[in-house]
Amino acid sequence: MKFNLKSFLIYSFILFINLNTFAQQKGKVVLSGYVRDSKSGEDLIGVSVIVKETGKGAITNEYGYYSITLEPNSYTVSIKYLGYNTINQTINLLSNQKISFELVPQNKELKAVNVVGEKKNENIKTTEMSTNKLDMKTISKIPALLGEVDLVRSIQLLPGVSTVGEGASGFNVRGGSIDQNLILLDEAPVYNSSHLFGFFSVFNPDAVKDVKLFKGGINAKYGGRLSSILDVRLKDGNKKHFAAQGGIGLIFSRLTLEGPINKGKGSYIIAGRRSYGDVLATPFLAGNKDFKGFQLYFYDLTLKANYSLGKKDKVYLSGYMGRDVFGVSSFGFNWGNQTLTARWNHEIKSKLFSNTTAFYSNYDYGIGTDNIGAKDAFKWTSRIINYSLKQDFTWYLNSKNTINLGGQSIFYQFNPANASFVSGGVRQDINLPYKYSLENALYASNDQTINARLSVSYGLRFSTFHYIGNGEKQIYSNEYNSFGKILTGIEKYKDFESMQNYFNLEPRAAVKYELNSSSSLKASYMRTSQYVHLISNTAASVPLDVWTPSTNNIKPQIADQVAIGYFKNFGNTKNDYETSIEGYYKDMQNQIDYIDGADLLLNPYLEGQILSGKGRAYGLEFFVKKNTGKLTGFVSYTLARTERQVDRINNNDWYPTRFDKLHNLNLVVSYDLNKRWTINTNVVYGSGTPVNLPTNKFAFEGYQVPQNPSAPRNNVRIPDFFRIDLTATVKSKDRKQPEIMPTNFLKRMKYTYEWEIVFGVYNLLGKRNAFAVYPRVNDKSPAITEMVQFSLFAVPIPAFTYNFKF
């Protein structure tokens, strides 16, 4: 089956125009427009636009757009968004009108600190469940390593989200491995989201506008991964005036510049960071030949610009470029991501919104010596590249139905390894062949209100995957030898010839029933498919990981997940406290594992050493958060299991995965001492994760060799994890600003300059939390084998950051 995206877009466009025309019921009118921040002109996501007389309304989409269909009349429209003053405006709506609103941020003295930016009882009234939205104001309050705000480490504190240990790169969601999370930066995938081996993420907090994590009930417009979608949206840039912000910390500094283009018709934002571990270390390493040419740093640059072509058209261009560099003497190691996204928003009609997206994504790494021409040297590089075209339509059919439709094509290019080794002047090249594939998808979904209490969301995603040439198709028998499956043949294919095709239907559904104005029951089901896989024998992502497509030997991973939840709000404003309990069960097919002793690197016959099996994950998630008052924060607790069953492993019995955690408890608290001082703390507890360790040993020429003859997989758990972090933040005094700001930049800066200083301690109690345990032969007594616990942090780590904004 061939998919022609161009034809699909044309036919979809014609279909939507006809449907939209048909849906224009006689006598109905449409109120539509955008909601923006009054200070910066930023489009606001998830704002509630409610008509008081009817109770009907809409939520602004990812571009701040809303549309409501009503009878001609005079209405009072209420625009609500936490952290902003509510607007109540009377509108005489006798014909279609496009009205945009600008919300004013609440005064700092009056504003309550909120865990998420949403309207009152939004978590009760929508079908959305298994979803967490974090704004950057919340993330900035969470204590972090060395005082640096970090998006991914904040995500790890949410229910259903875990990590295998301190400093581990990536995260696990509801029993899924780290490659089962699709991380999007302005719709472009990011394949390695970490800097400095997982201590920091690639996302510059000063450039991020919105963060949303989907763990279940995922809308049909998302696909490609089994467990979660982390959707990160960048700021558009200040449309009102030039602005800058940044910070100076112990490990890196950052600077962000933004401003208008052509008198507010567009805007831009440029954000950069650079660490300086190598700069600080240089004076201490001077004269040490072993550390000649020492390098240890990362940098990233985030850019975005947008421009309005008219009342109905707007274009965006955003990009990211980042890299980590580590080197000593002649040895070097580097890795990084690059993304580029171009988008075109078009309002076809007041009820029909279109977004066209094209993106490029690249992840690559290199390791080796500086001079491959030397007598002894080596060099090794690898990369994965994506090119994609995507079309989305949102059709606001009426006040009870919002329909989303679209399609996407992604072209993948995999370069597993290009390696060169030189020994004694003799060079050997090992180049694994490129692999190519094409993934296509069509989707349709509807958010429907049945009555005042009952709402449903349902959709279907049809995905196809094509493993294509130029390349070789390896054919293996079902028999094994000591190296894996037995290779029986190789078939060669020309450019774009199909080597293997896969087709999958992915239904999605969610339902919400309101018990009363402050509580509801929700349930959801989703099927997801994943066609690209991370080849790694570690539980955390490392820069040397290799991605591979589904082939004739590697089937797509498939998951079916059901979830049910109870949501309850209470307090004086019925939103002071939000609570939820969710239970889930996930069944997974074609989970990847490896034969014992598998060679995962530079192996042209790796597919013969890959095993496939079943997975299951189930658990309960508890979430309580306090939204108002001087004391705010949340508590999350997850009780969960995740297991796999793979033939030829663990005697074919079920075994816990490397990232299985029975208990995961997180407490995040923020307390405002006064207008300037805030105290923040984290308390983190997690059960130990399983590891695979030998059960006995045998002697060979005086040495003790550990072994595991009974072959139990992940038979020992590392000790439980416990950590407390603490920070104190002091802000500059509020300055009374004149009603009309000076046009002179230096005078305006005098009134708008703000600063804050963050003091803190990471790992306050100095706990020696285990990152890993492993056996080691005692140096003095080779007959003795001892267990070693490796900890990344064994002492409290001080934190200091100076942040500024003007």
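Summary table
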read-out: Label-reachable residues, the stretch 23-63, where backbone N falls under 19 Å from a point 7 Å from T76's Cα toward its Cβ; value: 48-58
read-out: Extension gain, E479 back to Y307 (0.36 nm per residue minus Cα-Cα distance, nm); value: 55.9 nm
read-out: All aspartates and glutamates inside 14 Å of K512 as judged from Cα atoms, apart from same-chain residues fewer than 8 positions distant; value: E122, E128, D447, E582
read-out: Burial ranking of peptide ranges 667-673, 143-149 (average Cβ count within 10 Å, highest at the top); value: 143-149, 667-673
read-out: Förster radius 30 Å - calculated FRET efficiency between V279 and Y605, Cβ distance, rounded to 0.05; value: 0.10
read-out: The stretch 484-513 residues near the modelled D560 label - backbone nitrogen below 18 Å, point 7 Å along Cα→Cβ; value: 503-511
read-out: Carbon + sulfur, % of accessible area of the chain - ligands and nucleic acids excluded, 1.4 Å; value: 58
read-out: Residues whose placed amide H lies under 5 Å from that of N85, excluding near-sequence neighbours; value: V104, Q106
read-out: For the stretch 140-155, 3J(HN,Hα) per residue [Karplus equation, 6.51 cos²θ - 1.76 cosθ + 1.60, θ = phi - 60°, Hz, x = Gly/Pro]; value: 5, 8, 7, x, 9, 4, 6, x, 9, 4, 9, 5, 5, 5, 6, 4
read-out: Förster radius 30 Å - calculated FRET efficiency between E786 and D596 (Cβ-Cβ, nearest 0.05); value: 0.80
read-out: Net lengthening on full extension, Y434/N418 (0.36 nm per residue, minus Cα-Cα); value: 4.8 nm
read-out: Computed [θ] at 222 nm, deg cm²/dmol, the chain (DSSP H ≥ 4; -39,500 (n - 2.57); rounded to nearest 500); value: -1500 deg cm²/dmol
read-out: Inter-site label distance for L620 and Y360 at 7 Å from Cα along Cβ, in nm; value: 5.1
read-out: Estimated FRET transfer efficiency when R0 is 35 angstrom, pair N96-N516 (beta carbons, to 0.05); value: 0.45
read-out: Inter-centroid distance (Cα atoms) of the stretch 783-806 relative to the stretch 444-501, Å; value: 41
read-out: Largest to smallest principal axis extent of the C-alpha atoms in the stretch 529-619, angstrom; value: 64, 26, 22
read-out: Segment N674-I757, extension gain: residue separation times 0.36 nm, minus the distance between their alpha carbons; value: 28.4 nm
read-out: Label-to-label distance, nm, for residues given as E472 and K492 (7 Å Cα→Cβ offset); value: 1.0
read-out: Surface/4 estimate of mean projected area, convex hull on alpha-carbon atoms of the stretch 453-513, nm²; value: 7.2
read-out: Calculated on alpha-carbon atoms, Rg and Dmax of the stretch 589-731 in Å; value: 22.3, 71
read-out: Of [x] 28.5; [y] 35.2; [z] 34.1, the label for Kirkwood radius over Cα pairs in Å derived from the coordinates; value: [x]
read-out: Whole-number accessible area per residue in Å² for the chain, which is evaluated in the context of all protein chains at 1.4 Å; value: 43
read-out: Ranked packing of 628-638, 223-233, most packed first, by mean Cβ within 10 Å; value: 223-233, 628-638
read-out: The stretch 619-669 and the stretch 124-195: distance between their alpha carbon centers, rounded to Å; value: 14
read-out: Computed label-point distance, nm, for sites K52 and D653 using a 7 Å Cα→Cβ extension; value: 6.7
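The values are calculated or read from the model by the stated rules, or taken from the named source; none is laboratory data. What you see is a predicted model, and the numbers here were worked out from it, not measured in a lab. FYI the Cβ positions are ideal-geometry reconstructions off the backbone, even for glycines, and counts take in every protein chain you see. Surface areas here come from the heavy atoms of the whole protein model, side chains and all, with no ligands, DNA or RNA. Shrake-Rupley method; radii C 1.70, N 1.55, O 1.52, S 1.80 Å.
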